[in-house]
Amino acid sequence: MYWWQALVLGLVQGLTEFLPVSSSGHLILVRELMGLNTGAATQFNLMFDVMLHAGSLIAVVLVLYKPILELFKKPFKKLGMLIVASIPAVIVGFTCKDYIEEYFSTAQYLCFFFLFTAVIMLVSEIVAKRNKNPKELSWGGAIAMGVMQGAGVFPGISRSGSTIFGGTMAGTDGKRVATFSFLMSIPIILGSLFLSVIDVARAGAMGGVDWFCIFIGAGAAFASGYFAVRVMLGLIAKANFKWFSLYLLVIAILTFAFYFLPSVR
């Protein structure tokens, strides 16, 4: 991996982790375009992923440190909501991890998942702008966001986009959806980080690691992630999702054409 590839992947990870466009889908797509999804590169990818997740995690914690501290104030209602909302993604992640890696680790089927995310983001904007009486975050809203986060485990389906959709459909106020959606990302990123560390240990991927590229990628993931969280907190509150939906539609069409229409290659 060259340093500029690490920089690009770090920027992609940080931005797409918190923008409603799917970080896993974009990383798979960009890696395939760079030729980094095959051969010995996959071993390095394991350690690289650990550091990208760490960079993203630090970014969201810095932006949301006040809401994070509030989780531990009595009566701990929001902390309970966060725990409950994280359960579906944990179940899907642990039970489907091998299946997802086997069948969806390449870019071939990303077009369908990108299209799904495009649709739910467009629906989210329509529903949010028609909702004249948004509610406080309730247990029902937290559960709806948690269930949709479970779907975000699949590459191409945005985790943040799915949780926004769940909260919006439950009638929750946009600002509360935004904050809770990003709070929900913390245990998921921690879980991904933990699983990646286990994979690194099993694969023995520490040998020959290019730490220069890793630190560039992690730094880029932190910087772009910090920017993305700041931007999305405002956009979610205003329900401005149509441009993300349009972008995903274009990406879905391009990936479909490339992988399913031989004449396009």
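The values are calculated or read from the model by the stated rules, or taken from the named source; none is laboratory data. It should be emphasised that the depicted structure is a prediction, and the values quoted were computed from it without experimental measurement. Using ideal geometry, Cβ is built from the backbone for each residue, glycine included, and neighbour counts are taken over all protein chains shown. For the accessible areas, the whole protein counts, side chains as well, though only heavy atoms, and no ligand, DNA or RNA atoms are used. Shrake-Rupley method; radii C 1.70, N 1.55, O 1.52, S 1.80 Å.
When you look at residue 70, is it farther than 30 Å from residue 215 by Cα and among the acidic types (Asp, Glu), yes or no? Yes. Exactly one residue among 68, 91 is part of a helix (DSSP H, G or I) and either free of Cβ contacts under 8 Å to residues at least 60 places away in the same chain or on the phi > 0 side of the Ramachandran plot (or both), and that residue is 91.
Among the candidates 256, 227, 244, the residue that is touching a Pro at 6+ places or on another chain (Cβ under 7 Å), open to solvent by 10 Å² or more (accessible area, probe 1.4 Å) and outside any loop (DSSP other than H, G, I, E, B) is uniquely 244.
Does the range 68-90 include one or more residues that are farther than 25 Å from residue 167 by Cα and surrounded by 13 or more Cβ atoms within 10 Å (Cβ to Cβ)?
Filtering the range 68-90 down to residues farther than 25 Å from residue 167 by Cα leaves none.
Checked against the condition, which is being farther than 25 Å from residue 167 by Cα and surrounded by 13 or more Cβ atoms within 10 Å (Cβ to Cβ), the range 68-90 yields no hits at all.
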